[in-house]
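The values are calculated or read from the model by the stated rules, or taken from the named source; none is laboratory data. Computed from a predicted structure; not experimentally measured. Using ideal geometry, Cβ is built from the backbone for each residue, glycine included, and neighbour counts are taken over all protein chains shown.
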């Protein structure tokens with residue numbers, strides 16, 4: 001896609017939009033991020049400082065990987081806990097961090113102050129503040145409004161303002177599909193994923209020999225996928241050692257009266273694209289393993 005010298009509109013406000021804007025800003029004539037509502041952003045260095053320090057000490061890379069993984073997991077858990085216990089303070093700190101990277105007089109209240117508490121939706125990490133540098137130097141701008149309709153030259157907003165766009169990019173979330181809409185059958189019956197219950201969020205009741213590799217919502221995706229991979233290897237080795245060919249999660253007798261819950265807690269985490277797809281997703285139990 002040749003966007004050099006073009007007016008670009010990116011519709012969205014999450015991690016995808018926040019990645020696209022600085023990536024396209026250098027070549028585009030101008031890029032506008034159009035959002036329906038603001039998102040929380042966390043700005044930090046695009047590096048893991050503890051890893052650099054450990055390398056100076058000639059620590060083995062395997063150890064460095066494990067130490068960094070544990071530290072990031074610990075820090076993310078602590079931050080999530082703080083968001084739940086002191087949401088107003090976290091909100092204040094996040095917005096102050098954004099304001100510090102923008103020119104005086106920039107309307108932070110309108111464009112970067114969400115109506116929900118931190119971590120009810122994903123907080124996007126902005127490495128080295130790259131997106132806000134684009135807003136600060138004028139290569140990009142942000143509009144908070146609703147779309148009325150497309151026009152011959154761009155978009156007409158509900159407010160009556162028109163945005164010019166030679167190229168319009170939609171970065172508004174996902175249309176979720178379990179396993180890419182592949183039809184799975186067990187003993188001739190099609191699997192309805194919504195009727196299954198996840199075991200540790202990675203296997204499904206009644207479905208044998210299947211591991212779902214799904215990352216964290218509130219930390220680096222690969223932190224959890226790495227742990228699932230290790231779990232899978234241990235499980236495969238256990239099956240090999242004992243001569244087992246099939247493994248399938250089943251509710252125990254003591255689980256039969258367990259409360260069954262939606263896959264995500266809407267009061268705690270509620271991105272719109274997830275809420276609109278809850279009927280496709282598996283369910284969970286109130287016990288830790290389920």
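I need the full set of residues from segment 74-114 which are in contact with a strand residue (DSSP E or B) (Cβ under 8 Å, 6 or more places away or on another chain), assigned to a helix (DSSP H, G or I) and surrounded by 13 or more Cβ atoms within 10 Å (Cβ to Cβ), in order please. Selection gives 94, 97, 98, 111. Being modelled with pLDDT of 90 or more, under 18 Å from the mean Cα position of the chain (by Cα) and under 16 Å from residue 201 (Cα atoms) holds for only one residue in 281, 261, 251, and it is 281. Which of the residues that make up segment 101-115 are farther than 13 Å from residue 143 by Cα and without any contact (Cβ under 8 Å) to a residue 12 or more places away in the chain? Of everything in segment 101-115, those that are farther than 13 Å from residue 143 by Cα and without any contact (Cβ under 8 Å) to a residue 12 or more places away in the chain turn out to be 104, 105.
Among the residues of this structure, residue 117 does not count as one that is closer than 19 Å to residue 21 by Cβ, in contact with a helix residue (DSSP H, G or I) (Cβ under 9 Å, 6 or more places away or on another chain) and assigned to a loop (DSSP other than H, G, I, E, B). State yes or no: is residue 142 in contact with a strand residue (DSSP E or B) (Cβ under 9 Å, 6 or more places away or on another chain) and either over 20 Å from residue 9 (Cβ atoms) or at pLDDT below 95 (or both)? Answer is no for this residue.
Taking the condition in a loop (DSSP other than H, G, I, E, B) and either over 24 Å from residue 16 (Cβ atoms) or under 27 Å from the mean Cα position of the chain (by Cα) (or both), does residue 183 pass? Considered against the rule, which asks whether it is in a loop (DSSP other than H, G, I, E, B) and either over 24 Å from residue 16 (Cβ atoms) or under 27 Å from the mean Cα position of the chain (by Cα) (or both), residue 183 comes out as yes. Just to be sure I understand the filter: pairs with C-beta atoms under 6 Å, separated by 6 or more residues or on different chains, first member in segment 218-245 and in the same structural domain as residue 41 (by TED's automatic domain parsing), second member assigned to a helix (DSSP H, G or I). Which pairs pass? Here the result reads none, with nothing in segment 218-245 linked to a residue that is assigned to a helix (DSSP H, G or I).
Here 45, 71 are screened, and the one residue that is in contact (Cβ under 8 Å) with a residue 24 or more places away in the chain and either closer than 30 Å to residue 116 by Cβ or surrounded by 13 or more Cβ atoms within 10 Å (Cβ to Cβ) (or both) is 45.
Just one of the listed residues (132, 125, 150, 106) is closer than 27 Å to residue 221 by Cα and either outside the structural domain of residue 32 (by TED's automatic domain parsing) or over 18 Å from the mean Cα position of the chain (by Cα) (or both), and it is 132.
Just for segment 159-175: of the residues that are modelled with pLDDT under 95 and surrounded by 13 or more Cβ atoms within 10 Å (Cβ to Cβ), which one is nearest to the chain's Cα centre (by Cα)? In this case the residue turns out to be 173. Which residues, taken from segment 140-158, are surrounded by fewer than 14 Cβ atoms within 10 Å (Cβ to Cβ) and over 25 Å from residue 114 (Cβ atoms)? Across segment 140-158, the qualifying residues are 149, 150, 151, 152, 153.
Against the list (1) over 23 Å from the mean Cα position of the chain (by Cα); (2) in a helix (DSSP H, G or I); (3) over 30 Å from residue 70 (Cβ atoms), the condition residue 235 fails is (3). Being in contact with a helix residue (DSSP H, G or I) (Cβ under 7 Å, 6 or more places away or on another chain), under 28 Å from residue 121 (Cβ atoms) and part of a loop (DSSP other than H, G, I, E, B) is a description that applies to residue 38.
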